[in-house]
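Working notes, structure below.
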Amino acid sequence: MTQATAHAIPPSAPGVLLRTGVLALVAVLVMAVALSAGPRAGAILAIGLGFGLALEGFRFGFTGPWRRMILERDASGLLAQLLAIGIVACAALPLLAANGAELKGAHAPIGFAMVGGAFVFGAAMQVVLGCGSGTLVNAGSGNAIGAVALPFFAIGSFAGAYHLSWWTALGRLPVATLDGTGGLAITLAGLAGIAALALRLGRKGSHRLPARYWGAALALAVLAILHLVVAGQPWGVVYGLGLWVAKAVVAVGGDLSGSVFWSAPANAAQVEASLLTDVTSLSDLGLIGGAALVAWWRAGFASPVGVLPARAWVAVIVAGLILGYSSRLAFGCNVGAFFSGIATGSAHGWVWFIAAFAGSWVGIRLRPALGLEARK
């Protein structure tokens with residue numbers, strides 16, 4: 001058999017016994033977390049696994065649909081995102097109104113740094129074809145670009161949080177939220193308005209959602225509602241990544257007292273505590289694991305990116321750093337700001353969406369110049 005022939009044969013899917021064994025191992029790991037850190041921690045890890053299974057299983061995300069809307073006028077992916085947000089809002093806003101002491105929304109202020117951070121984040125996510133959750137999914141499924149970008153995303157998230165107080169001092173408005181029945185009505189009307197605009201600008205027929213988009217929207221919505229109820233806070237991504245680096249810095253003798261963010265009592269305590277006590281870390285780890293499980297189930301982690309020049313890999317590293325840094329300034333990524341922000345009534349989620357979508361338009365046009373349109 002020649003080398004070319006060998007590469008032409010796709011990897012075979014794992015056998016039934018092996019699959020059963022791996023599923024049992026995953027269940028054992030979840031139970032181990034539940035026993036060591038409490039049932040709530042085990043449940044959050046399981047929900048994170050669900051996010052990874054849904055995103056990779058349905059081949060759905062946040063970056064790709066925006067790209068297709070801009071380049072191909074295909075509105076279907078964006079419509080599926082709006083549908084999922086609307087479903088979550090219908091549950092989340094009443095839950096927050098009735099349980100304000102136990103649950104909190106993804107609420108953040110609008111400011112110069114927030115708007116600029118969202119714009120830059122939108123551009124960078126199109127450069128690496130992955131937002132916060134997308135980078136985790138891509139890394140978990142074996143995509144080389146995602147695997148390279150992820151550690152630099154985490155470093156950027158740590159650094160952005162370290163400097164956050166300086167950026168927010170440039171000017172910001174008080175936190176504005178949409179609450180109760182009136183807030184839900186405005187949120188749903190806003191989502192419907194964006195959907196109508198997407199349909200207006202989209203090409204004919206793109207209003208028809210493929211079955212996998214329906215599945216993804218419903219699965220993400222259910223998991224996001226469960227996450228809010230179990231964790232007491234909405235689904236997020238960015239904080240956990242920065243926390244991992246903060247822990248590493250402290251472990252090697254670093255001092256975080258110079259940062260208003262990392263020296264704040266709650267964050268300082270979290271840096272010292274077990275990783276299994278952090279909600280976002282648990283869901284992030286689950287998301288990576290769920291994506292990896294789906295990729296392996298499908299017959300391996302092969303995720304070819306083509307032949308890329310050296311400048312493309314440099315661009316991936318820089319974009320990863322920018323993704324992490326800008327997401328902290330913007331108070332979240334597509335998940336924490338756009339998805340969870342809008343679904344829990346934060347006005348900053350709407351502004352984030354507009355700025356990040358504009359940034360995506362720029363990022364899409366940067367990819368060829370950076371050598372990221374692969375040569376086959």
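The values are calculated or read from the model by the stated rules, or taken from the named source; none is laboratory data. Note that this is a predicted model, so its numbers are computed, not measured. FYI the Cβ positions are ideal-geometry reconstructions off the backbone, even for glycines, and counts take in every protein chain you see. What goes into the accessible areas is simple: the full protein's heavy atoms, side chains included, and nothing from ligands, DNA or RNA. Shrake-Rupley method; radii C 1.70, N 1.55, O 1.52, S 1.80 Å.
Quick notes
- Test set (1) part of a helix (DSSP H, G or I); (2) under 30 Å from A315 (Cα atoms) - L170 fails condition number: (1)
- Among (1) modelled with pLDDT of 95 or more; (2) touching a Cys at 6+ places or on another chain (Cβ under 7 Å) - the single one T63 does not satisfy: (1)
- Per-region count, region 361-376, residues at pLDDT below 85 and either open to solvent by less than 50 Å² (accessible area, probe 1.4 Å) or assigned to a strand (DSSP E or B) (or both): 5
- Residues considered: I70, I87. Of these, the only one that is in contact (Cβ under 8 Å) with a residue 40 or more places away in the chain, β-branched (V, I, T), open to solvent by less than 50 Å² (accessible area, probe 1.4 Å) and in a helix (DSSP H, G or I) is I70.
- Test for R200: is it in a helix (DSSP H, G or I), in contact (Cβ under 8 Å) with a residue 40 or more places away in the chain and of a type in the set (K, R): no
- Screening the candidates L71, L53 for the property of being out of contact with any Phe, Trp or Tyr (no Cβ under 8 Å at 6 or more places or on another chain) and either among the polar types (S, T, N, Q) or within 21 Å of F339 (Cα to Cα) (or both) yields one hit, L53.
- Answer from V351, V314, V307, V318 - the residue that is of a type in the set (V, I, T) and either in contact with a helix residue (DSSP H, G or I) (Cβ under 7 Å, 6 or more places away or on another chain) or at pLDDT 95 or above (or both): V351
- A search for C-beta distances below 8 Å between a residue of region 32-59 that is acidic (D, E) and any residue that is surrounded by fewer than 23 Cβ atoms within 10 Å (Cβ to Cβ), counting only pairs 6+ apart in sequence or on different chains, returns E56/V294; E56/A295.
- A108 vs. criteria assigned to a loop (DSSP other than H, G, I, E, B), open to solvent by less than 40 Å² (accessible area, probe 1.4 Å) and closer than 30 Å to F58 by Cβ: yes
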